[in-house]
Each structure stands twice: as structure tokens, then as C-alpha cells.
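To start, the structure itself, in C-alpha cells.
The values are calculated or read from the model by the stated rules, or taken from the named source; none is laboratory data. Since we're looking at a predicted model, the values are computed, not measured. We place every Cβ from the backbone using ideal geometry, glycine too, and count neighbours over all the protein chains shown. For the accessible areas, the whole protein counts, side chains as well, though only heavy atoms, and no ligand, DNA or RNA atoms are used. Shrake-Rupley method; radii C 1.70, N 1.55, O 1.52, S 1.80 Å.
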Amino acid sequence: MVADLLLKDVTLPTGRRADLTIAGGIVRHVGAPMRADETIDCGRFTCLPGAVDMHVHMRGGVQAEKEDWQTGTMSAVAGGVTVVVDQPNTVPPITTPEHFWARICEAEEGAVCGFAINAAVLPGADLEGMWNSGAMAFGEIFAAPSSYGEGLDPETLRRLLTRIHALGGLATIHAEEVLDQTPETLADHDRVRPGAGEARAFQAVSTLAPEKARLHFCHASTPASVRAAHGTVEVTPHHLFLSYEDFEEEDARGRVNPPLRDEQTRRALWLCWDRIDVIASDHAPHTSDEKALPFQTAPSGIPGVETMLPLLMAAVRRRRVTLTSVMEKTSWRPASILGIPQAGFEPGSRADFALYPNEVTRIDASRLHAKCGWSPFEGLDAIFPEVVIIQGRRAYSCGDFYAGDPAWYPGQGFLSSDDK
Ligand code: DOR
């Protein structure tokens, strides 16, 4: 047999060096090399399993000015992310199987990496229909209002969480307490959506859900919230790497829900690293023009799918966190929470990888691929991948993209239904 690809001289998480032989999108052999159509020498790279970013807003449709599937997924791939999970607060939201299928078609046309699509959770949404059609998970469910999402009241939330539990689905939750005030600055925004309220809201949602419901708490922004999550918990790069003190006080580019916190809270969040299940970007691009609106009216959300792994790799380089913990929180854990086949270094693994050089560079928004053209992480240290492999094929190399056939990853409702 001649394999498709040979990754030569890979340093495995155990420290052992081995050659990985790949065929049909799967790692077939780990150890001695086998003959392959293409060989990549990995000796000078750090090889990571492709990241699964379980929280991105790819926009598209009537919001294509902000982002579309092509630019959003190019951004993902150039940042070492090989599977994205799209959030359903599109315009209109994904509430029916018809919307869901249309979203799959849109993704299939534009995406350059693997993708999955979540179902919106709103009164009247056909949760069962979308689950059977292949929704990966439910939400983010807005237990607090945010951009393109109305907050659900507790009774409605209780009913919807019960239905999701009955299906065996994962409920992914955006929970905050929000005061009825209009913030005028970033510090105000933090006060109006307080960190302590976020932790209380996490607890409140847990009490509304049936026992044993599968809950995943999105973008916890404080240590107390990480601790309060009953279920799995996700943290974003922006809450780890940015505080509102990094911005001019009325700079809406730092406006996001939940808000950036103060510097002390940001530093404390790193101390919870071991308790965090997943790092996900909450890539939520808005245009520079929208972000230049007066603070009160500017939309919340910031782009970040391309910079997530590069920032974390620079943190690994500084010895702030271990390399294996980054693999765990960006690839293995999200894949296992969602039921996506694991990427990695065992025979049978999904052959998605990103190869990172040693050089630390600085983030320069003009070199990123998201349509919005700006980044709140401008100037921060980062290590970008040089080569990205998706399903055993080179998808990206030194700024060039190669055509592939990105996979749609359906959820368990689709996989387990027997009439397919
Ligand atoms: O800041 C945010 N923006 N938080 C969200 O939950 C939604 C997101 C968006 O879609 O723009």
C-alpha cells in the first residue's frame, strides 16, 4: 500500500519521536515510516492535533459583510483550527430543519475546514427536527440577552432544557445577569454584566435543568464562574489575554458579552487553567465601522478564531501552560464532549494536524483572514502554524490554501437515527 501522507519525525506528547503514516484521512501507523505520496518533515515543528473550536459565529447570509464561511474558515485553518462549531444566532436564527439544511449547504459551499452546526433554542423552535437532522448541540442558549439573541425567561428555559435532555442533547449556555442600564464605557459594561452575576446565573441555570442534563457553560469570564459551572466549562482567549484596561475606556472593539474584566480578574482566570475543560474563541466578528459607533450602540463581540492557538502556543513557549494541556483543551476535550472523532497520534485517529514553528511573531491584523480586518489582540506574541493538514491532506502551507473536501460533522441525533 502507498499511503497518502507521511509525517516524518513527529515529537509525540510522550516525547517519543515517530513517523505517522496517513491514508484515507486516518492515521494508519505510528512508528517506522511507510511509503507515501507526500512526506512532510516535522523535525523542526511542534505538531498539534487540529483544534476543534466549539464556539464560532461564522455569520454569512445577510451578515456576510461581517464574515462568511470562506473567510471565517480560512481564518480558522490559518490559526490551526480544523473543525468549527457554528452558533445558530444567525439572521434569521436556525430554528427549523429547513434553516438547518440551508446552513449546511451554505457551509459546504464555502468552508475550507470541517464544520458542525448547532440548533437555536427559542420558544417554537423545532428542536427535535433539528436534532434528527444533525444538529451538533443546542445553543449557545441565551439565558441573558446578547448580540442577535434575546434572553430566555427561567420558565421557558426550564421547558426547553427538559426537551433537550429528553433528546440526549448537549445544552450549551450563555448565562449572565444583566442590569437594566446602558453602559457607556468598558468598565461600565463590566459593571452592568457583573462577574459575580455570571457565576450566580450559571448556578441558576443548573437548578432549572433536569438532573443529569448535559450542560456546557460558554465563555466563563471569572474564576468564580469556572467554579460555579455544573457540567463542562469553556473559557475564551479574550478573557485570558485581555482586560478592559488594555483599551481606551470608550473603545467598543473591547465590547463583548460576557465583558472583558479588570486586570486582576484576568490574571486570576489563568490560575483556574486546570479546571477549564475547553478553550473556544467565541469568534464573533463585527465590522470596524460597527465598532466605531458610539459605545452605547456598538455591537458586542470580537474576532478570534485565527489567533486562539497562536496566542496559546506563545503562552506554552513562555511556560505559562503545558503543551499537552493546550492539546487537551483545544482538541481532545471538545471532540469528546461533542462526539467528534479524535484527532491525534494513535492509529485510527482523525488525521487533522497543525505544525507550528519555533518563531514567536506578533499579531498583525492585516495578515489575518477574517473579513472584519481588525483584531483586539494586535501586537501580542503569537506562534502561527506553518502547515495545516485536514483529513490527511495539506490544507494550508505558508499562507497558501489548498482545495479539499471539508467534512460536515453531524450530531448524535442524526448518527443514531436508523432511517438514515
Ligand atoms: O459578544 C457577543 N457577541 N456575545 C455573544 O454571546 C454573541 C456574540 C455575537 O454573535 O456577536
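Return the loop-located trypsin sites (Lys or Arg not before Pro) in region 280-377 (DSSP other than H, G, I, E, B) with at most 13 other Cβ atoms within 10 Å of their own Cβ; answer none if there are none.
When the trypsin sites (Lys or Arg not before Pro) of region 280-377 are filtered for loop state and at most 13 Cβ neighbours within 10 Å, Arg318, Arg319, Arg320 remain.
Can you give the relative contact order of the chain as a percent, counting alpha carbon pairs under 8 Å and 6+ residues apart?
Relative contact order, the chain: 21 percent.
For region 125-254, with all protein chains present and a 1.4 Å probe, just round the carbon and sulfur fraction of the accessible area to a whole percent.
Here it works out to 47 percent.
With every protein chain left in place, what is the accessible area of Leu368 in Å² (1.4 Å probe, nearest 10)?
40
For n ≥ 4 DSSP H runs only, could you compute -39500 (n - 2.57) per run for the chain, divide by its residues and tell me the 222 nm figure to the nearest 500?
Computed ellipticity for the chain at 222 nm equals -7500 deg cm²/dmol.
Please identify the GluC sites (Glu not before Pro) of region 298-360 that satisfy two criteria: DSSP loop assignment and at most 15 other Cβ atoms within 10 Å. Which are they?
Glu359
Can you give the accessible area per residue of the chain, in Å², using a 1.4 Å probe?
In whole numbers, the chain has 39 Å² accessible per residue.
Which trypsin sites (Lys or Arg not before Pro) does region 186-244 hold that lie in a coil by DSSP with at most 14 other beta carbons within 10 Å?
Sparse-neighbourhood loop trypsin sites (Lys or Arg not before Pro): Lys212.
Determine the percent antiparallel among the DSSP beta bridges restricted to the chain, to the nearest 5.
50
Pull up all non-local amide H partners of Glu38: gap of 5 or more, or a different chain, and H-to-H distance under 5 Å with H placed in the peptide plane.
Leu5, Leu6
Could you please put Thr46, Thr236 in sequence from largest to smallest accessible area, using a 1.4 Å probe?
The ordering from most to least exposed comes out as Thr46, Thr236.
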